[in-house]
Each structure stands twice: as structure tokens, then as C-alpha cells.
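Visitor: Provided herewith is a single structure, encoded as C-alpha cells, for subsequent inquiry.
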Ligand SMILES: Nc1ncnc2c1ncn2[C@@H]1O[C@H](COP(=O)(O)OP(=O)(O)O)[C@@H](O)[C@H]1O
Ligand SMILES: [Mg+2]
């Protein structure tokens with residue numbers, strides 16, 4: 001059974017069509033990877049799955065565990081089990097990281113132990129969330145929040161961007177361990193994190209739609225060798241232009 005099904009989804013943000021007939025299915029228990037050049041619509045797709053009001057659904061459907069969530073508010077989607085580690089999370093002044101983690105963990109997990117698995121020092125718990133965090137700390141903070149929330153479907157939007165080699169391994173291993181027995185969607189720009197995270201299927205986005213899907217390492221190796229120009233030669237992508 002599919003945990004996430006997206007059918008013909010077309011979305012506008014600020015009057016601009018950012019998604020154009022997206023089809024995507026993630027079966028329960030699988031981890032899928034989303035690749036694609038800058039501006040192809042990856043983050044917009046994540047925002048639409050989570051239900052940001054700025055994402056205006058023009059047509060199509062999003063189903064989660066068989067329930068139509070297309071028009072559901074964000075908090076309800078979160079309660080159903082969708083969790084997102086954002087690409088560019090804003091700092092939240094006056095809200096301590098520790099309080100957020102304790103709220104997400106609901107006393108059911110040891111957030112201090114979790115902080116260790118993402119290499120976040122516990123003195124960060126007393127800091128305002130994401131305020132003054134470095135690029136790598138921001139990514140680790142986002143991943144840690146998802147681990148504390150324990151959603152059944154976890155989305156990671158470029159958790160490896162701007163992360164140094166040691167922390168890439170830390171984050172990659174933490175995500176991989178977390179996704180065992182769960183389902184997820186991982187956006188990665190250069191694919192470095194796939195050294196540590198086992199993925200079942202990769203999808204490539206172009207011009208606001210999923211242009212192709214296949215075996216992650218095969219697709220990524222081609223893109224790494226020839227860039228997205230390789231994809232642009234594909235008749236399917238050409239038709240989208
Ligand atoms: N709030 C917004 N206002 C105007 N354009 C937007 C907004 N959000 C996203 N876009 C546009 O939508 C397109 C897709 O962006 P995004 O989903 O962030 O791409 P990706 O994550 O693949 O790099 C881009 O052209 C971007 O400029
Ligand atoms: Mg993005």
C-alpha cells in the first residue's frame with residue numbers, strides 16, 4: 001500500500017505555477033529520493049505536501065495513508081504523521097530549542113540522547129531555535145526535530161547542503177537509522193548523503209513535474225557525470241519545455 005500518493009498536482013505560489021501535474025507514489029516502508037536542478041519545484045512540492053497556505057492547489061490530489069489530505073490544514077497533516085526537516089528554516093526568537101524538542105518528543109523519547117546522534121551539544125537546548133546557527137548546525141537541528149517528532153513519513157529537504165564531511169556522515173547515519181521501518185522522502189542536490197542513506201527509488205523533477213523515476217545510484221551517477229544536461233536530452237524532459 002502507498003503511504004503517499006500524489007496525482008496530477010498543479011500548484012501556484014504567489015501567482016506563479018510552480019508545480020505542473022506532479023505524479024508521485026511512495027509505498028509504505030520505502031525511502032524515495034527527489035533530485036532535480038535548482039528551481040525545478042522540489043521545495044514547493046514539500047510545502048504542498050505539508051499544506052502551506054501559500055501553495056494554492058489548482059488541480060490534483062494528495063493522499064496520505066489512503067486519506068485525501070489535499071485541503072487539510074498543516075497541523076492535521078502533522079498529526080497524521082508527516083514530518084519535515086526544512087531546507088531554509090527561519091530562526092524563532094524567544095522559543096528555546098529544548099522546549100521545541102520536549103514538545104515534539106512528548107516525553108516518549110530521550111531528546112538529550114537524540115541530540116548526541118545528530119552531534120548537537122546540549123547547551124544548544126537553551127538557545128533560541130535556529131537563531132545564529134551556522135549552516136551545518138541548522139541542518140542538524142532540523143534533522144533532530146524530525147527524529148524527536150518521529151513521524152511515520154519523514155521528509156528531509158536537502159539535509160546535506162552546506163554540511164561538512166564529518167557531519168554529513170553523522171546526519172546520514174542518523175537519517176538512515178531513523179528511516180528503518182518507516183517511509184520517507186529525501187531531497188538531495190549532489191547526492192552525497194546517499195553514501196549513508198539507503199534509498200529505494202529516485203525521482204527527477206524538471207519544470208515543476210516528476211520527469212523520470214528509477215534506481216537511485218544509476219540516476220545519480222549519470223547526473224554526476226553529465227549534469228542535468230543528460231536529463232535535458234531525454235525526450236520526456238524535452239516535451240515539458
Ligand atoms: N514565494 C514564492 N514567490 C515566487 N516564486 C516562488 C516562491 N516560492 C517558490 N517560487 C519559485 O518556484 C520555483 C520552484 O522553487 P523551489 O520549489 O524552491 O525549487 P527547488 O527546491 O527545486 O530548488 C522557483 O522558480 C522559485 O523561484
Ligand atoms: Mg529547494
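Visitor: With respect to residue 83, is the statement that it is within 27 Å of residue 163 (Cα to Cα), away from ligand 2 (no atom under 16 Å from the Cβ) and touching a residue at least 60 places away in the same chain (Cβ under 8 Å) true?
Guide: On the way: within 27 Å of residue 163 (Cα to Cα): yes; away from ligand 2 (no atom under 16 Å from the Cβ): yes; touching a residue at least 60 places away in the same chain (Cβ under 8 Å): yes.
So residue 83 passes the test.
Visitor: Test residue 156 against the criterion of being within 15 Å of ligand 1 (Cβ to nearest atom) and either part of a helix (DSSP H, G or I) or at pLDDT 95 or above (or both), and give yes or no. First the steps, then the outcome.
Guide: Details: within 15 Å of ligand 1 (Cβ to nearest atom): yes; either part of a helix (DSSP H, G or I) or at pLDDT 95 or above (or both): yes.
Criteria met by residue 156.
Visitor: Residue 223 - would you say it is over 24 Å from residue 6 (Cα atoms) and at pLDDT 95 or above?
Guide: Numbers: over 24 Å from residue 6 (Cα atoms): yes; at pLDDT 95 or above: no.
In short, no.
Visitor: Would you check if there is a residue in the range 123-146 being in contact (Cβ under 8 Å) with a residue 60 or more places away in the chain, surrounded by fewer than 19 Cβ atoms within 10 Å (Cβ to Cβ) and closer than 25 Å to residue 34 by Cα?
Guide: no
Visitor: Among the candidates 84, 143, 100, which residue alone is part of a helix (DSSP H, G or I) and within 21 Å of residue 30 (Cα to Cα)?
Guide: Answer to the check: 143.
Visitor: Within the range 1-46, restricting attention to residues that are without any contact (Cβ under 8 Å) to a residue 12 or more places away in the chain and over 23 Å from residue 192 (Cα atoms), which residue is surrounded by the fewest Cβ atoms within 10 Å (Cβ to Cβ)?
Guide: 15
Visitor: Further question on the same structure: Looking at the range 69-79, can you tell me whether even one residue there is surrounded by fewer than 22 Cβ atoms within 10 Å (Cβ to Cβ), away from ligand 2 (no atom under 16 Å from the Cβ) and touching a residue at least 40 places away in the same chain (Cβ under 8 Å)?
Guide: Within the range 69-79, the subset surrounded by fewer than 22 Cβ atoms within 10 Å (Cβ to Cβ) is 69-79.
Filter once more, keeping what is away from ligand 2 (no atom under 16 Å from the Cβ): 69-79.
Now restrict to residues that are touching a residue at least 40 places away in the same chain (Cβ under 8 Å): 78.
Scanning the range 69-79 turns up at least one residue that is surrounded by fewer than 22 Cβ atoms within 10 Å (Cβ to Cβ), away from ligand 2 (no atom under 16 Å from the Cβ) and touching a residue at least 40 places away in the same chain (Cβ under 8 Å).
Visitor: Could I ask something else about it? Give me a count of the residues in the range 195-219 that are more than 15 Å from ligand 1 (Cβ to nearest atom) and surrounded by fewer than 20 Cβ atoms within 10 Å (Cβ to Cβ). Working first, answer last.
Guide: Here is the first cut: in the range 195-219, the residues more than 15 Å from ligand 1 (Cβ to nearest atom) are 195-201, 212-219.
So of that shortlist, the ones also surrounded by fewer than 20 Cβ atoms within 10 Å (Cβ to Cβ) come out as 195-196, 198, 200-201, 212-215, 217-218.
Matching residues across the range 195-219 total 11.
Visitor: Quick one: in the range 80-118, which of the residues that are within 16 Å of ligand 1 (Cβ to nearest atom) and under 13 Å from residue 143 (Cα atoms) is surrounded by the fewest Cβ atoms within 10 Å (Cβ to Cβ)? Break it down stepwise before answering.
Guide: First, pick out the residues of the range 80-118 that are within 16 Å of ligand 1 (Cβ to nearest atom): 84-90.
Remaining after also requiring under 13 Å from residue 143 (Cα atoms): 84-89.
Values: 84: 24, 85: 27, 86: 21, 87: 19, 88: 11, 89: 17.
So, considering only residues that are within 16 Å of ligand 1 (Cβ to nearest atom) and under 13 Å from residue 143 (Cα atoms), the one surrounded by the fewest Cβ atoms within 10 Å (Cβ to Cβ) is 88.
Visitor: When you look at residue 13, is it in contact with a helix residue (DSSP H, G or I) (Cβ under 9 Å, 6 or more places away or on another chain) and within 21 Å of residue 240 (Cα to Cα), yes or no?
Guide: On the way: in contact with a helix residue (DSSP H, G or I) (Cβ under 9 Å, 6 or more places away or on another chain): yes; within 21 Å of residue 240 (Cα to Cα): yes.
The answer is yes for residue 13.
Visitor: Within the range 28-59, can you find the residues that are more than 12 Å from ligand 1 (Cβ to nearest atom), assigned to a strand (DSSP E or B) and over 13 Å from residue 203 (Cβ atoms)?
Guide: 57, 58, 59
Visitor: Here's a follow-up. Any chance the range 119-136 includes a residue that's away from ligand 2 (no atom under 16 Å from the Cβ), modelled with pLDDT under 95, in a helix (DSSP H, G or I) and within 17 Å of the chain's Cα centre (by Cα)?
Guide: yes
The values are calculated or read from the model by the stated rules, or taken from the named source; none is laboratory data. In this text the structure is predicted, and so the values were computed from the model without any measurement. Heads up, the Cβs are rebuilt from the backbone with ideal geometry, glycines too, and the neighbour counts pull from every protein chain shown.
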